[in-house]
Amino acid sequence: MDLVPHSYYLCSAEQSRFMDEKTISEFGIDGFTLMEIAGTRAADFIQSQLPSGSHGVFFCGKGNNAGDALVIARLLSQQGFKITICFLSGTGDLSPDTLENLGLLQKLDEDIELLDWEDFNPSAFDFIVDGMLGTGLNSDVRAPYSDAISWINTQEVPVFALDVPTGLHADSGLILGTAVQADFTLSFGALKTGFYLNQGFDTSGEVILCELSFPNKFKKPTAALIDRSWVEAASPSPKRQKHKYDGGVLYIIAGSEGLTGAGILAAKSVWSAGLGAVVLITPKGLLEIYEKQLVQIIKKPVGDRDDVYFKEEHVEQVLDIIAEKPGKVLIGPGLGRQQETIRFTQSILRNFEGDVLIDADALFALSKMENRKRPEGSNWILTPHPGELKTLFNQEVNDDFDQLNLTKEKAREEKITLLSKGMPSIVGTETGDAYLTGYETRIFSRAGFGDVLAGKVGAYWLKYSSSELACFYGLLDGFQKAQQYFVENSGSLAPIDII
Ligand SMILES: NC(=O)C1=CN([C@@H]2O[C@H](COP(=O)(O)OP(=O)(O)OC[C@H]3O[C@@H](n4cnc5c(N)ncnc54)[C@H](OP(=O)(O)O)[C@@H]3O)[C@@H](O)[C@H]2O)[C@@H](O)CC1
Ligand SMILES: Nc1ncnc2c1ncn2[C@@H]1O[C@H](COP(=O)(O)OP(=O)(O)O)[C@@H](O)[C@H]1O
Ligand SMILES: [K+]
């Protein structure tokens, strides 16, 4: 995580509490001051979104999340905003800092309306602030909080959730009973993993980080968000090549009868990522198809003219080809699941002492392999989709939070790089770190996008010699091209559009 700016860290509720407590007890900035900073930053943002004079209703619980809301209410009232505050649990049991902030608000002598939920009179407000529950959420949302959420979610004005939308679990992104549907979530001190997992992505709206003065040494994240800005800053400049083979060769072992499309997409994707040398290894019976489709790519046929899928008898020939020039191997797209192909794949994986990206049907073969172990000196990147992830590790994956934990655990245990695809796609590293895509990946859930991604990751692996950077660039490249496509075209995205 050393290369990642702290603003891309993703934390759990416990990690947020840890930073909070350490900053208060060890570093010496008290909780009241932190709340003032949080509220000030949030008020600045809200003010930037709305005309002065707007009327906001602030829903407050009894914990510190409500304290943040009261700071914001105080600051905005001084800027000419009209304020209504509605307490869901009254004011008799407020946390100490929240109570103190209520006192400050009352001293202002402004026309601020303070009431309890029972007295709340729904009327026309210009915006809503959710200060009900933050990282203190500990069970399914109870009444009357759930009633307030139902009302909020029928309103058409902007909803600003403080720290976490009420009802959304900060770690897992699961909704506990019900949750506020936010337009903006103003996250304090660190982003939360839950914004990007499970229902979090669709519940949090636009996420804005409001930095607090936590010393960096207290920041211990669960994962980090993949973003082009820091990925580029963290990358060495790729070596300039004099000859096409200088950067190494990507050998693609892909395709079988009926599944040549996967090999074609992967090969085109590698080529378009700018790699100098790509070699597609194919059973000889399919050569003609590839000759027509992949003019610029070198093809190396193995076996006989009537071979239309890989067999164990091709292993020697394939091992000789991939040993010809330094490079890496991408194995899997469209291989099929014939028993002979599975044995072929397993034999390659057992015997090739180099770097391999294992995708699609090669993952299936790997999951059926007894005593699977990387040969000495080789590095592996695995790119399973959720189904393949379960089969590979023989473990149930109930939701995205499970997927994140399993990806981290298995990448570390097996000393591999694991790009676990989905919404979000998650990269686990051998050092036990995890990285998430924070963008919409459901646009890629059509056949073929996995092949394109595998090709890109393979190409970037050669370009940057880092399995992690390869995954980041592969993912970001696809996303960037997809965005570009949507700007320039209408209609649904196809794999070929992002090559
Ligand atoms: N301290 C700091 O430095 C800073 C902290 N910051 C802010 O503090 C927030 C965390 O504050 P917090 O820990 O007080 O928890 P918070 O989310 O307000 O609510 C806890 C209350 O909710 C209640 N409750 C729980 N579950 C419930 C349910 N299902 N349904 C109904 N009620 C439920 C629970 O009641 P109980 O169950 O215990 O009776 C408890 O009283 C954090 O998100 C950030 O906004 C920022 O200001 C930055 C500086
Ligand atoms: N650029 C990208 N960013 C994030 N995730 C991606 C990207 N490209 C592909 N994916 C992930 O890969 C999945 C497609 O892979 P997969 O299911 O294996 O498809 P295929 O049918 O091509 O094998 C997508 O649903 C998405 O989760
Ligand atoms: K909240």
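The values are calculated or read from the model by the stated rules, or taken from the named source; none is laboratory data. As the structure is a prediction and not an experimental result, all values here were calculated from the model. Every residue, glycine as well, gets a Cβ built from its backbone with ideal geometry; the counts of neighbours run over all protein chains shown.
Can you tell me which condition Asp171 does not meet? The list is (1) within 16 Å of ligand 3 (Cβ to nearest atom); (2) of a type outside the set (A, V, I, L, M, F, W, C); (3) farther than 21 Å from Thr23 by Cβ; (4) assigned to a loop (DSSP other than H, G, I, E, B), and all the others hold.
(3)
Would it be correct to say that Ser204 is free of Cβ contacts under 8 Å to residues at least 60 places away in the same chain and buried (at least 24 other Cβ atoms within 10 Å of the Cβ)?
Yes: the conditions hold for Ser204.
Going through the range 118-137 one residue at a time, which ones are in contact with a strand residue (DSSP E or B) (Cβ under 6 Å, 6 or more places away or on another chain), within 16 Å of ligand 3 (Cβ to nearest atom) and either outside the structural domain of Gly67 (by TED's automatic domain parsing) or under 24 Å from Asp93 (Cβ atoms) (or both)?
The answer is Ile128, Val129, Asp130, Gly131, Met132.
With respect to Gly136, determine if the residue is surrounded by 20 or more Cβ atoms within 10 Å (Cβ to Cβ) and assigned to a loop (DSSP other than H, G, I, E, B).
On the way: surrounded by 20 or more Cβ atoms within 10 Å (Cβ to Cβ): no; assigned to a loop (DSSP other than H, G, I, E, B): yes.
No; evaluated as a whole, the condition is false for this residue.
Kindly check whether there is at least one residue in the range 87-109 that is crowded, with 22+ Cβ neighbours inside 10 Å, of a type outside the set (Asp, Glu) and in contact with a strand residue (DSSP E or B) (Cβ under 7 Å, 6 or more places away or on another chain).
Yes, that holds for at least one residue.
Residues checked against (1) in a strand (DSSP E or B); (2) modelled with pLDDT of 95 or more; (3) within 16 Å of ligand 2 (Cβ to nearest atom):
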residue	(1), (2), (3)
Trp151	no, yes, no
Pro165	no, yes, no
Ala179	no, yes, no
Leu186	yes, yes, no
Leu209	yes, yes, no
Ala224	yes, yes, yes
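Restricting attention to the range 169-182, which residues are hydrophobic (A, V, I, L, M, F, W, C) and either free of Cβ contacts under 8 Å to residues at least 40 places away in the same chain or surrounded by fewer than 24 Cβ atoms within 10 Å (Cβ to Cβ) (or both)?
Result: Leu174, Ile175, Leu176, Ala179.
Please state which one of Thr154, Thr185, Thr166, Thr193 is of a type in the set (Val, Ile, Thr), away from ligand 3 (no atom under 14 Å from the Cβ), buried (at least 24 other Cβ atoms within 10 Å of the Cβ) and not assigned by TED's automatic domain parsing to the domain that holds Asp399.
Thr193
For residues that are touching a residue at least 60 places away in the same chain (Cβ under 8 Å) and not β-branched (Val, Ile, Thr), scanning just the range 427-438, find the one that is surrounded by the most Cβ atoms within 10 Å (Cβ to Cβ).
Tyr435
Being of a type in the set (Val, Ile, Thr) and assigned to a helix (DSSP H, G or I) is the filter; apply it to the range 21-78 and report the residue that is farthest from ligand 1 (Cβ to nearest atom).
Ile46
Look through Phe125, Phe160, Phe87, Phe58 and report the one residue that is within 29 Å of the chain's Cα centre (by Cα) and of a type in the set (Phe, Trp, Tyr).
After ruling out the rest, the residue left standing is Phe160.
Would you tally the residues in the range 439-463 being surrounded by fewer than 19 Cβ atoms within 10 Å (Cβ to Cβ) and either more than 6 Å from ligand 2 (Cβ to nearest atom) or at pLDDT 95 or above (or both)? Quick ask: steps written out before the conclusion?
Narrowing the range 439-463 to residues surrounded by fewer than 19 Cβ atoms within 10 Å (Cβ to Cβ): 440, 442-443, 445-447.
Cutting the leftovers down to either more than 6 Å from ligand 2 (Cβ to nearest atom) or at pLDDT 95 or above (or both) gives us 440, 442-443, 446.
Total satisfying the criteria: 4.
Would you call Glu468 part of a helix (DSSP H, G or I), charged (D, E, K, R) and closer than 19 Å to His385 by Cα?
Yes.
Would you check which residues across the range 403-426 are of a type outside the set (Ser, Thr, Tyr) and within 10 Å of ligand 2 (Cβ to nearest atom) and list them?
Leu419, Lys421, Gly422, Met423, Pro424, Ile426, listed by residue number.
For the list (1) part of a loop (DSSP other than H, G, I, E, B); (2) closer than 28 Å to Gly205 by Cα, I need the number of the one condition that Thr91 fails.
(2)
Assuming Trp271 fulfils every condition listed in (1) part of a helix (DSSP H, G or I); (2) within 24 Å of Leu476 (Cβ to Cβ); (3) modelled with pLDDT of 95 or more apart from one, which condition is it?
(3)
Scan the range 24-52 residue by residue and report those that are at positive phi and at pLDDT below 95. Steps first, answer last, please.
The initial filter retains those residues of the range 24-52 that are at positive phi, namely 28.
Hits for the range 24-52: nothing passes.
Out of all the residues in the range 279-306, which are crowded, with 21+ Cβ neighbours inside 10 Å and more than 22 Å from Asn351 (Cα to Cα)?
Selection gives Leu286 alone.
What residue, among those in the range 143-168 that are touching a residue at least 12 places away in the same chain (Cβ under 8 Å) and charged (D, E, K, R), is nearest to Phe201 (Cα to Cα)?
The first filter runs over the range 143-168 and keeps only residues touching a residue at least 12 places away in the same chain (Cβ under 8 Å), leaving 144-153, 155, 157-168.
Adding the requirement that they be charged (D, E, K, R) leaves 147, 163.
Details: Asp147: 23, Asp163: 14 Å.
By that ranking, first place goes to Asp163.
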